[in-house]
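The values are calculated or read from the model by the stated rules, or taken from the named source; none is laboratory data. What you see is a predicted model; the values in this text were computed from it and never measured. Glycine gets a Cβ as well: all are built from the backbone with ideal geometry, and neighbour counts include every protein chain shown.
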């Protein structure tokens, strides 16, 4: 089965602030913020929504196809993908741009402030759908180039491909009508609880109306787990207890990778989401979004240990 992962590829510059943002932001001056945070250091990692999701899938034995762009500094990312067994044949290199870069600062309360330079992501990845068998495909449309997000969701709908729509960090640039259309063209909507509230605000639709569009809604809630909402009701997926949380960056993408693996295996949605929760458990124990690891045997043991045989 071809797993098509569209979204962003980026170099992540991750910083840790040894305090709380809230201690440095004056509520009565929120309209004119001018703050500076001195961080403990900076690490650079491979990131981007498509890269992070594909990495989780590669650990689970899949060879996803990445539909995204890289800039003229693509060489290191290509080398990394080769090491992880992920092909780069569907990635478009945009020589006149630098690769997208995210600058992420996390405080002691796990709040994050992110600055993002889209770079090559401003260009469409231009995937050729004639080279796939729609009957043997599963797809996720993650935050990335807006044109790709709209066109690929429409293409999956037209071709009958099961697609997950994940607008995430791209939400501020969406128009409500376009957003609602893409949700309706997908088979599943996934977001965190803050993003879901923003989706409802932008589209003007309530929970029931969004469910009618997507069929399935998965909402991640950080340490409080995730909820799966279908016409049959709500299923709650707890997190995997994690004592040594280091960095929450990438937990959502890891969750999506595990979820997609379960769906590709034809497992029940609840079990697939449990796989996502376990993937998230691994990534938050490391700095960076593609720095964690596990064997498939270890993953299977821990899945049974925390969630039963399924």
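Computed quantities for the displayed model
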{"item": "Residue match in the range 58-70 (condition: more than 22 Å from residue 148 (Cβ to Cβ) and free of Cβ contacts under 8 Å to residues at least 60 places away in the same chain)", "result": "no"}
{"item": "Hey, residue 227 at pLDDT 95 or above, under 27 Å from residue 64 (Cα atoms) and buried (at least 22 other Cβ atoms within 10 Å of the Cβ) or not", "result": "no"}
{"item": "Filtered residue count, the range 221-236, keeping only those that are touching a helix residue (DSSP H, G or I) at 6+ places or on another chain (Cβ under 8 Å) and more than 14 Å from residue 255 (Cβ to Cβ)", "result": "4"}
{"item": "Any hit, the range 27-36, residues being surrounded by fewer than 23 Cβ atoms within 10 Å (Cβ to Cβ) and within 21 Å of residue 259 (Cβ to Cβ)", "result": "no"}
{"item": "Test result for residue 255, under 30 Å from residue 18 (Cβ atoms), surrounded by 14 or more Cβ atoms within 10 Å (Cβ to Cβ), more than 16 Å from the chain's Cα centre (by Cα) and modelled with pLDDT of 95 or more", "result": "no"}
{"item": "Tabulated pairs, the range 100-121, first on the phi > 0 side of the Ramachandran plot, second buried (at least 16 other Cβ atoms within 10 Å of the Cβ) and assigned to a loop (DSSP other than H, G, I, E, B), C-beta under 6 angstrom, 6+ apart or interchain", "result": "110/248; 119/71; 119/97; 119/98; 119/99"}
{"item": "Close pairs (9 angstrom Cβ cut-off, 6 or more residues apart or separate chains): loosely packed, with under 14 Cβ neighbours inside 10 Å in the range 263-274, not in a helix (DSSP H, G or I) anywhere", "result": "268/310"}
{"item": "Residue within the range 9-17 that is in a loop (DSSP other than H, G, I, E, B), closer than 20 Å to residue 88 by Cβ and in contact (Cβ under 8 Å) with a residue 60 or more places away in the chain present", "result": "yes"}
{"item": "Residues within the range 128-153 that are surrounded by 15 or more Cβ atoms within 10 Å (Cβ to Cβ) and closer than 24 Å to residue 218 by Cβ, tallied", "result": "17"}
{"item": "The range 167-179 residues that are touching a residue at least 40 places away in the same chain (Cβ under 8 Å), paired with ones that are surrounded by 11 or more Cβ atoms within 10 Å (Cβ to Cβ) and in a loop (DSSP other than H, G, I, E, B) (beta carbon under 6 Å, 6 or more apart)", "result": "168/143; 169/143"}
{"item": "So residue 65, is it crowded, with 21+ Cβ neighbours inside 10 Å and either at pLDDT below 95 or within 25 Å of residue 170 (Cβ to Cβ) (or both)", "result": "yes"}
{"item": "Every residue from the range 122-164 that is within 19 Å of residue 266 (Cα to Cα) and either in a strand (DSSP E or B) or modelled with pLDDT under 95 (or both)", "result": "137, 138, 139, 140, 162, 163, 164"}
{"item": "Matching residues in the range 275-310 - criterion: being part of a loop (DSSP other than H, G, I, E, B) and either surrounded by 22 or more Cβ atoms within 10 Å (Cβ to Cβ) or touching a helix residue (DSSP H, G or I) at 6+ places or on another chain (Cβ under 6 Å) (or both)", "result": "284, 289, 290, 292, 294, 310"}
{"item": "In the range 68-113, the residues that are in a strand (DSSP E or B) and at pLDDT 95 or above", "result": "69, 70, 92, 93, 100"}
{"item": "Restricting the range 93-120 to residues that are within 12 Å of residue 144 (Cβ to Cβ) and in contact with a helix residue (DSSP H, G or I) (Cβ under 9 Å, 6 or more places away or on another chain), the residue that is surrounded by the most Cβ atoms within 10 Å (Cβ to Cβ)", "result": "100"}
